[in-house]
Amino acid sequence: MKEIINNIFNSINYYNDKKLLLSAIPFDAYSNKSLMIRLLGISSGMVDANNEAKKDMWNHQLHQYNMGDDILKNVSPELLDNLEFAQEAIVKYNRTYLYLSQRLKASRNLALVTVSKETDNFTQNEPILKYMPESFKNDREISIIATTRNIDNLQYAPILQNNKYFILDVINLIFEDEIRYKVLRYMNQEFLEDKRFMSKLGCFDGLCEKFRGDETFVSYSVVNNIDILDKIEIFSEKILTSAFKSKGYTEDHEHVLRKIFRYIEKFNDDMDELNRKIKNKSLLNTLFWDLAQLASDEFI
């Protein structure tokens, strides 16, 4: 096998051209299972030292310019219906799945292998879920593996588009805004009208505009992130009540109290104005007690 591959490489003079690389493959090679698997990803052990540079360019062309697709388009139908070939070829080049027989495309195990090799490194390619049967697009395990390896697969995963818990996990655990934007674009768009849900997604992609004037939205939001008080332009007892329920209230008591105090200070000129706006006086009692306790601790 090594000799065959070296003969192919030895016949190539100008190896930066994909067409020339493909032309070096003998016609009868496309029905040779072992050779086809190796040509979909050549290791150093399969070439002589003088062909290392050609090997690197070959592997580069395979993925960066989809030369693997060009090879697979010529592979014999018998091989594309061969389970052993499919299993090994997918590991080398996961787009092999696109060219398999319908019988093999229906294999859940092969679909799992395919998505486990998915990547977002090659932006010229459509996400792999696009080419899978509807049953796999609605398969939780297949969809999650595919989407976590390439977020663009979310376009073709209705089971995840409609899963609020999955959307929240991706938004809150991944700090790349580009991925977050894509999640917002691909998820069920009806979620955008769910204020309680949207309030948990943080402040990006224009969502802060909603924080500014929607009392209900802001009230939900400050429970999840007290820092949102810095961004809003309305004052209400409902928002202040929610601020005391902030998730950070027990973890970072001082930080939350300072945010609440600055929020009150921003919208009220004096205590009389604050008293007129707040009907629930126990809320103010709690605030001033906590502030006094904080001041006492700092003094001590």
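The values are calculated or read from the model by the stated rules, or taken from the named source; none is laboratory data. If you're wondering where the values come from, they're calculated on a predicted model, not measured in any experiment. Cβ atoms come from the backbone with ideal geometry, glycine included; neighbour counts cover every protein chain shown.
Here is a check on your reading of the model: is Ile90 in the same structural domain as Asp28 (by TED's automatic domain parsing) and modelled with pLDDT of 95 or more?
For Ile90, the condition - in the same structural domain as Asp28 (by TED's automatic domain parsing) and modelled with pLDDT of 95 or more - is met.
Determine the pairs where a residue that is in a loop (DSSP other than H, G, I, E, B), located within region 118-142, has a partner that is of a type in the set (A, V, I, L, M, F, W, C) and surrounded by fewer than 12 Cβ atoms within 10 Å (Cβ to Cβ) with Cβ atoms under 7 Å apart, the partner being 6 or more residues away or on another chain.
none
Taking region 67-102 as the search range and keeping residues that are free of Cβ contacts under 8 Å to residues at least 40 places away in the same chain and assigned to a loop (DSSP other than H, G, I, E, B), which one is nearest to Leu21 (Cα to Cα)?
Lys73
Residues of region 144-176 being of a type in the set (D, E, K, R), farther than 14 Å from Tyr186 by Cα and modelled with pLDDT of 95 or more, which ones?
Within region 144-176, just Arg149 meets the criteria.
Could you say which residue among Leu154, Leu173 is aliphatic (A, V, I, L, M) and in contact with a Leu (Cβ under 9 Å, 6 or more places away or on another chain)?
That would be Leu154, the only listed residue that is aliphatic (A, V, I, L, M) and in contact with a Leu (Cβ under 9 Å, 6 or more places away or on another chain).
Six or more apart or on different chains, Cβ under 9 Å: which pairs go from a residue in region 6-32 that's in contact (Cβ under 8 Å) with a residue 24 or more places away in the chain to one that's surrounded by fewer than 12 Cβ atoms within 10 Å (Cβ to Cβ) and among the charged types (D, E, K, R)? Could you list them?
Within 9 Å, the pairs are Ser31/Glu78.
Could you grab me the full set of residues in region 185-194 that are modelled with pLDDT under 90 and surrounded by 13 or more Cβ atoms within 10 Å (Cβ to Cβ)?
If the condition is that a residue be modelled with pLDDT under 90 and surrounded by 13 or more Cβ atoms within 10 Å (Cβ to Cβ), then Leu192 is the only one that fits.
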